[in-house]
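The values are calculated or read from the model by the stated rules, or taken from the named source; none is laboratory data. Keep in mind that what you see is a predicted model, and the values were worked out from it rather than measured. Positions of Cβ are backbone-derived with ideal geometry, glycine not excepted, and every protein chain shown enters the neighbour counts. Side chains included, ligands, DNA and RNA excluded: accessible areas come from the protein's heavy atoms. Shrake-Rupley method; radii C 1.70, N 1.55, O 1.52, S 1.80 Å.
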Amino acid sequence: MGRFNAGVVNWAQMYDWHSDVDRVPELLALVEREDDAEAWTELGYRLVLEHDLLSPAGLASLPRLVRLAEGSMQARHLAGAIMERAASHHDGDELLADSAEVIAEFGALLDRHLQTRPADYLVTFRALLAVREQYHWANVLGDFADDFYELSCPHCTVEVTIAIGGHGRYAAIRDWHLGDIERRDLRPSPAEELSGVGRWMYEIAVRDGKAVLAEGISHLFGKAECPGCGSVFTIADEYGAANCPVLR
């Protein structure tokens, strides 16, 4: 498990979101003994908050959660939620750095789980993105059933809505009275032209038989035509540039 493990954590310094230092170790010990639904719920409240917030106790809990994650959906999901917030300001950079082997182990576990094509596929996929330090996509990627991405055209700065889902795959100007107007069809990237994280995401989805996810990714990492000025840009590049967290 590397240098960072449950045996060396100084819990007296690991505050949770209730400003306690003793309750999280108690709860971890409880779920290690038995699958207690109330304990898992309380752990979630104490370790992570909405809006990308993560308590020091969250990072400190990671090794023990990963140890349980092979056989526990609750542990796997909570560890994934912690990883998705790892880019936020949590004052735990040293803990995160020392947990590299734990995180690698978690990534291998998640990848094995994906290949079983589980019901929680998207949750697992997003957690694996976070393990690979793709924190932005881990937090915004949807199932492409009804997904929208808002961005500014890099050429004329008009606000463009990107739709990818069963409703259509287009760039448009959003009018609050008329809906999405001036629609332009998206131009998905051919598989052979994908690169970097987009190619990795696509190949994982194809490997696991997730055709809708793979098609959505090819559109997300494809191109759009601005309804305002007609210029063409790469969707993921512009959306990522405006929204990716600044890593410390």
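Name the shape class, rounded, prolate or oblate, that the alpha-carbon gyration tensor gives for the stretch 88-208, where a ≥ b ≥ c are the square roots of its eigenvalues, rounded holds for a/c under 1.5, and otherwise prolate holds if a/b is larger than b/c and oblate otherwise. Judged from the Cα gyration tensor, the stretch 88-208 comes out prolate (a/c at least 1.5, a/b above b/c). Does the stretch 13-84 come out rounded, prolate or oblate by the C-alpha gyration tensor, with a ≥ b ≥ c the root eigenvalues, rounded set by a/c under 1.5 and, if not, prolate when a/b is larger than b/c and oblate if not? Verdict is oblate for the stretch 13-84. Using every pair of separate Cα atoms, the Kirkwood estimate puts the hydrodynamic radius of the chain at 19.5 angstrom. Sparsely packed loop sites in the stretch 172-243 (the chymotrypsin sites (Phe, Trp or Tyr not before Pro) outside DSSP H, G, I, E and B with at most 13 other Cβ atoms within 10 Å) comprise W176.
Going by the alpha-carbon gyration tensor, a ≥ b ≥ c the square roots of its eigenvalues, is the stretch 76-147 rounded (a/c under 1.5) or, if a/c is not under 1.5, prolate (a/b greater than b/c) versus oblate? Since a/c reaches 1.5 but b/c is at least a/b, the shape of the stretch 76-147 is classed as oblate. The length gained by stretching the chain between V140 and A119 to full extension, at 0.36 nm per residue less their Cα-Cα distance, is 5.7 nm. Placing +1 on the Cβ of every Lys and Arg and -1 on the Cβ of every Asp and Glu, with nothing else charged, gives the chain a dipole about its Cα centre of roughly 560 debye. Between L30 and N10, residue separation times 0.36 nm minus the direct Cα-Cα distance comes to 5.3 nm.
Look at the dipole of the chain built from charges on Cβ: of F148, A81, I164, the Cα furthest out on the positive end belongs to I164. The residues of the chain expose, per residue, 49 Å² of accessible area to a 1.4 Å probe. Relative contact order for the chain: 14 percent, from Cα pairs under 8 Å spaced at least 6 residues apart, divided by residue count. When you count the other C-beta atoms within 10 angstrom of each residue and take the mean per peptide, 134-147, 179-192 line up highest first as 134-147, 179-192.
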